[in-house]
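Derivation of every value follows stated rules applied to the coordinates shown; laboratory data play no part. These numbers come from a predicted model, not from an experiment. Counting neighbours? That spans all protein chains shown, and the Cβs are built from the backbone with ideal geometry, glycine included.
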Amino acid sequence: MKALYLANYKLVFLNCIALVLFFGIFCGALAWIYRKSSKEFYDYMKSLPLED
Amino acid sequence: MSQSKSKDNLEHFTYDEETPKLFFLATIIWGAVALLAGVFIASQLAFWQLNFKLPWFTFGRLRPLHTNSAIFAFAGNAIFAGVYHSSQRLLKTRIFSDALSKIHFWGWQLIIVLAAITLPLGITTGKEYAELEWPIDILIAVVWVAFAVNFFGMIARRRERHLYVAIWFYLASIITVALLHIVNSIALPVSLFKSYPVYAGVQDALVQWWYGHNAVAFFLTTPYLGLMYYYLPKAVNRPIYSYRLSIIHFWALVFIYIWTGPHHLLHSALPDWAQTLGMIFSIMLLAPSWGGMINGLLTMRGAWHRVRKEPILKFLVAAVTFYGMSTFEGPLLSIKSVNALAHFTDWIIGHVHSGVLGWNGFMIFAILYYVVPKLWKTELYSEKLANVHFWMAMSGILLYIFSMWAAGITQGLMWRAMEGPRLVYPDFVETLTKIIPLYYVRAFGGFLYLAGYVIMMYNIFKTIKASKPAEPEVYSAPPLGKFTTDKQGHRYLEGLSALFTVLVVIAVIVGSVIEILPTLLAHKYYAPEKIENVKPYTPLELAGRDIYIREGCYTCHSQMVRTLTYDIARYGEMSRPEEFIYDHPFQFGSRRIGPDLARVGGKYPDSWHYYHMYDPRQITPGSTMPVYPHLFRKKIDYHILAKKLLVMKRMGVPYSEASISSAISDAQDQAAQVEESLKSQGVKEKVRDKEILALIAYLQRLKAPAEVTDK
């Protein structure tokens, strides 16, 4: 039964949803990380190895 | 007492310098061993006589010693040294526990020594980069836990609220390596020195290469990226080019890397969807990898003129460039059509070495030249010698990689050359003898790299010798204040190290489960009873298979006829997943220095194998295979066979109670039959009960399965 189902899998839209989901999360993360307001914090983080 | 508090609310503390020092020294020592072993086995492939007719000196047994010492001893000790050294400074705290540090250091060295003893003795699981037997596997897990507690203890006691990107890479490495090691090492022991993995055939192959490729990812890449993000800014004295890019680099890498393992099994009996998934994710991996490389190289902006003079910067720039090049080559090799040419050839060996020697090795050298003078509070003995080291190592690597590219592409093209339905080079050995001159070049390249390494050892020895005892430096920092939740975004996330760890675990587990679970369940749908030849190994064949594994035959011979026309033309019917269902462990192999053996059964008479194992060149002139005289002296261990069958039965191999109780006599009877067969083919020597009989029985068993019938 399961083997038959897997062999005849045609729910391609699920793959599309997964693709859109992954790509959406990636774009969202990109926008979040590159937002302008966080510059001060990133400058602080960048300087950490040079502090000691 | 390592810390105190002053009236100005500053805490004063010292760092543990002894633990990083010990790990750095261990790195230097084991690196020499790993490189020496590498040059030696590279020379064995050019001059077979270097196998010395001694069992523990054969290529098959020494190759795992080389890979294990390079990865876990050389690169491993360097990781621990760098992680302990940099994390204390980034977290502004001393290493969590001196006792755990000692357990970690001495435990890891014990593991390496045990590996150095057991592997040449042929005590191996037969799974690449995971060859160590179960007691050592348990020891690895225990020592790794000590490391993890020490690391997470530092995070818990830190005085810096936010975790710098290097710490994320360390954290992901520690978590994921633990997961990979435990899942891949699950096995049932037969004795103290022998176990069988619970996975079989295609399952085992997928789990193994999920582990194998992610050992590259989370042992040889992510920790080194963490080290890069700390030591590159330190050496250049400039902050990393883009902190934002490092965040994307981290999350994309951690999420994507875990899916790429199946690219080691392209065109094999692995389900096609898993192969494609592995290929696609491998290609996607190019983006974050190059993001990291670009971030590293752009950190050098404004400091490029210093590269001409400073050996540390030379090594760093070269290391990051090699990272970029090998992470370009990896996705390229994962494309199915490219992989069809490159897989099982020396191209892969060249690719691996550009990563380990170029990326890891050069990064380690840069760190050593940077850290040793600082830790021992002195100056580097000679910058000139460090520059000489750089150019020798660079020349060595380039010779190595170019020779392996040429050898791989030559051999790959020869394997696939066909005129109509016929192979142009039907004798495998023809494709080997053509590339032997390139093996000389490779051995020379390795020798140059080793010679440069010896110069570094001398330079560092003289540096340390010139140092004088000094008081430990005292550092000051305010204690960590109470955490508030008013911070936004990634800053908030980094403050919550436990949540951060959970997200890393999720990123890693998602890919693992989606990829591995269907294959683990797929065995239910195979129907081995329909295939005449797919039945459990006889006790003698199983004994022979264990000898095959012990001798490391898989390091030169594959057992996987790919779905490619020229593989089928050369070896016979393509391999199917069903035929490996009782293979604990799988033996697909990853390199063909000799021909594939999946269809060798019945191809030659027993006496062919007999004489071939005694002196391969008597049968195949030009072969570089070692001789195995010990197989003609050593007796088969019959007494352990019943236990072996019992363990197999526990893992689902359908041995009956009767077959287990008669294992010894069945094996003896079959050995007598092989002996008789040899006699009838003109073999005069007495070989009663000798191991060669078991190995012949196993090799003759390796046949294509009969046609599937739909009854």
Return a whole-number percent for the relative contact order of the stretch B:396-448, with Cα pairs under 8 Å and 6 or more residues apart as the contact set. 58
Provide the three semi-axes, in whole Å and in decreasing order, of the ellipsoid equivalent to the stretch B:3-512 as defined by the square roots of 5 times the Cα gyration tensor eigenvalues. 37, 26, 23
Rounded to the nearest 0.05, FRET efficiency between B:I568 and A:Y34 (Cβ-Cβ, R0 56 Å) equals 0.65
Could you work out how far apart the two model spin labels at B:Y458 and A:L14 are, taking each label as a point 7 Å from the Cα in the direction of the beta carbon, and quote it in nm? 6.5
Over the residues of the stretch B:534-701, compute the C-alpha Rg and express it relative to 2.2 N^0.38 Å. 1.04
Relative contact order in percent for chain B (Cα pairs under 8 Å, 6+ apart) equals 17
Per-residue Cβ contact counts at 10 Å, fewest first, order B:E383, B:E329, B:E551 as B:E383, B:E329, B:E551
Among B:L91, B:L139, rank each residue by its count of other Cβ atoms within 10 Å, from fewest to most, as a rough exposure measure. B:L139, B:L91
For helix B:286-298, what angle does its Cα long axis make with the longest principal axis of chain B, in degrees from 0 to 90 and rounded to 10? 40
Report ³J(HN,Hα) in whole Hz for each residue of the stretch B:208-220, in order, from the Karplus equation J = 6.51 cos²θ - 1.76 cosθ + 1.60 where θ = phi - 60°; Gly and Pro get x. 4, 7, 4, 5, x, 6, 7, 5, 5, 6, 9, 10, 9
Per the helix-only model, chain B has a calculated mean residue ellipticity at 222 nm (DSSP H runs of ≥4, -39500 (n - 2.57) each, divided over all residues, rounded to the nearest 500) of -20000 deg cm²/dmol
Residue by residue, what Karplus-based ³J(HN,Hα) values in Hz, rounded to whole numbers, does the stretch B:369-378 have, using 6.51, -1.76 and 1.60 with θ = phi - 60° and x for Gly and Pro? 5, 7, 7, 4, x, 6, 5, 8, 6, 8
For a quick check: sort B:C556, A:C27 by the number of other beta carbons within 10 angstrom, fewest at the front. A:C27, B:C556
Starting from the 7 Å offset along Cα-to-Cβ, what nm value, one decimal, do you get for the label separation of B:L192 and B:R422? 5.8
Greater than 22 Å separation of Cα atoms is the criterion. Which listed pairs, B:K194/B:K679; B:K234/B:K377; B:K634/B:K684; B:K535/B:K686; B:K102/B:K468; A:K46/B:K234, meet it? B:K194/B:K679; B:K535/B:K686; B:K102/B:K468
Point-charge dipole on Cβ atoms (K/R +1, D/E -1) for the stretch B:3-512, about Cα centre, debye to 20: 1300
In the P(r) worked out for the protein assembly as shown, what percent of Cα pairs fall beyond 45 Å? 26
The FRET efficiency for B:I335 and B:H305, from their Cβ-Cβ distance with R0 = 45 Å and rounded to 0.05, is 0.70
To the nearest 10 degrees, how steep is helix B:243-257 against the longest Cα principal axis of chain B, on a 0 to 90 scale? 20
